[in-house]
Ligand SMILES: C[S@@+](CC[C@H](N)C(=O)[O-])C[C@H]1O[C@@H](n2cnc3c(N)ncnc32)[C@H](O)[C@@H]1O
């Protein structure tokens, strides 16, 4: 398993050469129609003033006691969310209840916005970098979304609401923080109102394997990986 590079420099993802590489890769693997769809989506966000760009966190205003344990902001894309969510439903062989979607380490709101678009009644993001949380609030406002909430808070201090149905973790932090978050999630095991699933994108530790029931592990052609769990 790859280790989490906490406070890593991810700024290369905003360079023109990286974006050109992404474009060529998408063209090769997904074809012209899907690639044009992606460009259209990006143009729509640009027009609306919505910003999901990659951002390093080491100069940001971080709250809580785990400032050295987080990863840089890399936003979940619409395509990735769609694929992962439909793979989760395939793995459990049924439709997932779309009550509350909770994202620990929610950055600029990429995943909570995509989840609301896919029909979750309410989505909540917990983000410990003030500037990213503020950007998430701006993005939510610019897209005129209701029932999408970003909270400026350290993940270890937030207990899931009892009507949560999906908990999302897109490689947000290392195993130290994951351990605390897993304990909090597990502490409410007998109180959740519906079945609760966990999506762990680009996993970098095996803490969740020790706390929850593993359902499926997928490695995509793009290099992205995802692990699914049931609480
Ligand atoms: C890889 S990004 C994922 C962003 C978002 N989940 C998405 O999919 O668009 C990881 C995020 O976790 C945040 N993070 C890291 N440690 C955290 C902590 N202890 N509490 C809350 N957020 C944290 C980082 O600031 C960063 O925005």
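The values are calculated or read from the model by the stated rules, or taken from the named source; none is laboratory data. Model, not experiment: these values are computed from the prediction. For neighbour counting, all protein chains shown are included, and Cβ atoms are generated from backbone atoms with ideal geometry for every residue, glycine included.
Pairs meeting the criteria (first residue in the range 211-224 and touching a residue at least 40 places away in the same chain (Cβ under 8 Å), second residue surrounded by fewer than 13 Cβ atoms within 10 Å (Cβ to Cβ), beta carbons under 9 Å, at least 6 apart or on different chains) are 216/90; 221/29; 222/29.
So which of 48, 19 ends up being away from the ligand (no atom under 16 Å from the Cβ) and in contact with a helix residue (DSSP H, G or I) (Cβ under 7 Å, 6 or more places away or on another chain)? Walk me through how you get there before you give the answer.
Numbers: 19 fails: in contact with a helix residue (DSSP H, G or I) (Cβ under 7 Å, 6 or more places away or on another chain).
Exactly one residue qualifies, and that residue is 48.
In summary, residue 29 fulfils each of the numbered conditions (1) in contact with a helix residue (DSSP H, G or I) (Cβ under 8 Å, 6 or more places away or on another chain); (2) in contact (Cβ under 8 Å) with a residue 12 or more places away in the chain; (3) more than 30 Å from residue 163 (Cβ to Cβ) with the single exception of condition (1). Considering every residue within the range 83-93, establish whether at least one is modelled with pLDDT of 90 or more, surrounded by 14 or more Cβ atoms within 10 Å (Cβ to Cβ) and part of a loop (DSSP other than H, G, I, E, B). No; the residues of the range 83-93 include none that is modelled with pLDDT of 90 or more, surrounded by 14 or more Cβ atoms within 10 Å (Cβ to Cβ) and part of a loop (DSSP other than H, G, I, E, B). Of the residues 64, 109, the single one that is on the phi > 0 side of the Ramachandran plot and in contact (Cβ under 8 Å) with a residue 60 or more places away in the chain is 64.
How many residues does the range 105-121 hold that are more than 6 Å from the ligand (Cβ to nearest atom) and either in contact with a helix residue (DSSP H, G or I) (Cβ under 8 Å, 6 or more places away or on another chain) or assigned to a loop (DSSP other than H, G, I, E, B) (or both)? If you could, list the steps in order and put the result at the bottom.
The initial filter retains those residues of the range 105-121 that are more than 6 Å from the ligand (Cβ to nearest atom), namely 108-109, 112-121.
Okay, now just the ones that are also either in contact with a helix residue (DSSP H, G or I) (Cβ under 8 Å, 6 or more places away or on another chain) or assigned to a loop (DSSP other than H, G, I, E, B) (or both), so 108-109, 112-115, 117-121.
Going through the range 105-121 one residue at a time, the tally reaches 11.
Residue 98 satisfies every condition listed in (1) near the ligand (Cβ under 10 Å from one of its atoms); (2) part of a loop (DSSP other than H, G, I, E, B); (3) modelled with pLDDT of 95 or more except (1). Starting from residues that are more than 15 Å from the chain's Cα centre (by Cα) and surrounded by fewer than 19 Cβ atoms within 10 Å (Cβ to Cβ), keep the ones in the range 67-82 and report whichever is nearest to the ligand (Cβ to nearest atom). This residue is 67.
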